[in-house]
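**Student:** After the structure tokens below, expect a handful of questions from me.
FYI, it's all coordinate maths here, none of it is from the lab. For clarity, every value in this text was computed on a predicted model and none was experimentally measured. Note: ideal-geometry Cβ built from the backbone for every residue, glycine included; neighbour counts use all protein chains shown.
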Amino acid sequence: MAAPVFNCKNADDVLKAVRDYNISFVQFWFVDILGTLKSFQITPKELEGAFEEGMGFDGSSILGFTRIEESDMIAYPDPTTFQLCSWRPTDRPVARMFCDIQKPDGSAYEGDSRWVLKRALEKAAERGYTYYVGPELEFFLFEDEKGTKIIDRGGYFDAPPLDLGNDVRRDIIFSLEQMGYPIEYSHHEVAPSQHEIDLRYAEGMKMADTAMTYRVVVKEIARKHGIYATFMPKPIFGENGSGMHVHQSLFKNGKNVFFDANDEYHLTAEGKSYIAGILKHAPEFTCITNQWVNSYKRLVPGYEAPVYVAWARRNRSALVRVPMYKPGKEAATRMELRSPDPAANPYLSFAVMLAAGLKGIEEGYELPDPVEENIFAMDAPTLSEHGITALPGSLYEAAIEMRNSEMVRECLGDHIHTNFYNNKIKEWDQYRTQVTEYEIENYLPVL
């Protein structure tokens, strides 16, 4: 029998589901400021009290949360996120819910990534907008977590026997569908042992929760197959890295705010200003969407990772792509940001993207002309002629851009903005003081 997909609306619905399906434990999920999943589990008898009073925990032990002298945090489960963990045994199933984190006085906790996104979505809602997101999270499958030994040598859209991850992807899709997440398609990606499964677009908060679940499911199903899945942006030198292209649009009263049938690019003024906001502020929020030292090994020209701030319709070397309009597909009009990677915190990433786009609308930013030529082939004078700038080239550069951005600070709030910046500078310092194999091989014999 297929596992049930729940559509719980309140605590009573969850309590009934727990009884009806003899659920053994309920996991409470939330993330730290870097998007690392945190979890604790409770027995069903504690569930009613958890809905009424939350479950307390020590916030001082969670990265970027709070100081030890003010460490009490309370996790309140969101009943609408209740689903069975599809990778766990079915005889005494385990369920999970995402949580909102509050302080003991009942106020929202400033270090909660979910709260940051909720605040951004509320700002959009005040203007009548609903934010829809469709991320494409790529990943690699390796023999184990100790190295990058590939499981196949397939390339883009290759079929078995070149694609040896087909069965793994199939089981991942089944597992996601059992939790109620519709899948559009899956395929082998460009690099050896690299794969992609595309989720159907959804409202911003639901999609951020889905992206977190997706990462867990991919890793758990890979583990059941005896291999290791990683969302590391650039694990193999000389091969394409893994991206998280983010398709996004705004709807108002059930209609796509971006679509204008009479415009040359089929974009409204709001749609153009939204894209202009993304382009203008992309260097400032890149530290959020590409938050690791390794992220900048992917963001280099030549490996399908866009580093140049421009937009286009057909050109995949541009930072933003607006897929060509198809008659009768007005609802599908959207923009695609191609720089983020799948190791980012999805809550903060979606929040800063939305904030940048809304700022573009609020201030009436003007969208420059699209650039359909191959930007990777342009020399410096040509780039300058087109007014094309680049994203930060390292985590340090990105952190400085973020530190100086009022837009990002306002979106994240002072607490996360400061803690995130400090964490990234610390990571950069740890990285830049390492002596690498490259240095030993190239310098030691001659210096």
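**Student:** Take the cross-link list LYS149/LYS234; LYS45/LYS118; LYS45/LYS224; LYS9/LYS359; LYS45/LYS206; LYS146/LYS224 and give me the ones stretching past 21 Å between alpha-carbons.
**Tutor:** Result: LYS45/LYS118; LYS45/LYS224; LYS9/LYS359; LYS45/LYS206 exceed 21 Å.
**Student:** Tabulate in residue order the Karplus-calculated ³J(HN,Hα) for the stretch 347-364, using 6.51 cos²θ - 1.76 cosθ + 1.60 with θ = phi - 60°, rounded to whole Hz; enter x for Gly and Pro.
**Tutor:** Karplus-based 3J(HN,Hα) across the stretch 347-364 equals 5, 5, 4, 5, 5, 6, 5, 4, 4, 5, x, 5, 5, x, 5, 4, 9, x Hz.
**Student:** For VAL309, list long-range residues whose amide hydrogen, built 1.01 Å from N in the peptide plane, is under 5 Å from its own amide hydrogen.
**Tutor:** It is THR389, ALA390, LEU391, by chain and number.
**Student:** Among GLY180, ILE74, THR36, whose Cα lies farthest out toward the positive end of the dipole of the chain, if unit charges sit on the beta carbon of Lys, Arg (+1) and Asp, Glu (-1)?
**Tutor:** Result: GLY180.
**Student:** Further question on the same structure: How far is it, in nm, from the label point at LYS326 to the one at ASN10 when both lie 7 Å from their Cα along the line to the Cβ?
**Tutor:** 4.2 nm
**Student:** Starting from the Cα of GLU48, step 7 Å along the direction of its Cβ; do the same at ARG170; then give the gap between the two resulting points in nm.
**Tutor:** 4.6 nm
**Student:** At 0.36 nm per residue, minus the direct Cα-Cα distance, what do SER107 and SER394 gain on full extension? Give it in nm, one decimal, please.
**Tutor:** Length difference between fully extended and current span is 99.7 nm.
**Student:** Another one. Can you pull out the trypsin sites (Lys or Arg not before Pro) in the stretch 102-200 whose DSSP state is coil and whose Cβ has at most 12 other Cβ atoms within 10 Å?
**Tutor:** Working: sites: ARG114, LYS118, ARG119, LYS123, ARG127, LYS146, LYS149, ARG153, ARG169, ARG170, ARG200; in loops: ARG127, LYS146, LYS149, ARG153, ARG200.
Taking the stretch 102-200 and a limit of 12 other Cβ atoms within 10 Å, the loop trypsin sites (Lys or Arg not before Pro) found are LYS146, LYS149, ARG153, ARG200.
**Student:** With r as the distance between the Cβ atoms of SER24 and SER60 and R0 = 35 Å, compute the FRET efficiency 1/(1 + (r/R0)^6) and round to 0.05.
**Tutor:** Rounded to the nearest 0.05, the efficiency is 0.70.
**Student:** Under the rule of -39500 (n - 2.57) per DSSP H run of 4 or more residues, summed and divided by the residues of the chain, what mean residue ellipticity at 222 nm is obtained, to the nearest 500 deg cm²/dmol?
**Tutor:** Details: 12 runs with 156 residues, N = 447.
Value at 222 nm, helices only: -11000 deg cm²/dmol.
**Student:** If a/c stays under 1.5 just call it rounded; otherwise compare a/b with b/c (prolate if a/b is bigger, oblate if not). Do that for the chain, with a ≥ b ≥ c from the square roots of the Cα gyration tensor eigenvalues.
**Tutor:** rounded
**Student:** Could you run the Karplus curve 6.51 cos²θ - 1.76 cosθ + 1.60 with θ = phi - 60° over the stretch 169-181 and give me ³J(HN,Hα) per residue in whole Hz, x for Gly and Pro?
**Tutor:** Along the stretch 169-181, the couplings run 4, 4, 5, 5, 4, 4, 5, 5, 5, 5, 9, x, 9 Hz.
**Student:** Check ASP152: other-chain or 5+ apart residues with amide H under 5 Å from its amide H, H built from backbone geometry?
**Tutor:** Residues meeting the amide H criterion: SER193.
**Student:** Here's another thing I want to ask about it. Rounded, prolate or oblate: pick one for the stretch 11-109, where a ≥ b ≥ c are the square roots of the eigenvalues of its C-alpha gyration tensor, a/c under 1.5 means rounded, and failing that, prolate if a/b is larger than b/c, else oblate.
**Tutor:** It is prolate, given that a/c is not under 1.5 and a/b is the larger ratio.
**Student:** If you take the beta carbon distance between ALA377 and SER39 as r and set R0 to 51 Å, what does 1/(1 + (r/R0)^6) give as a FRET efficiency, to the nearest 0.05?
**Tutor:** Efficiency at R0 = 51 Å is approximately 0.65.
**Student:** What is the distance, in nm, between label points placed 7 Å from the Cα along the Cα-to-Cβ direction at GLU177 and at THR418?
**Tutor:** Here the answer is 4.9 nm between the modelled labels.
**Student:** Another one. Rounded to the nearest 0.05, what FRET efficiency do GLU366 and VAL300 give with R0 = 30 Å and r taken as the Cβ-Cβ distance? Could you check?
**Tutor:** According to the calculation, E is roughly 0.55.
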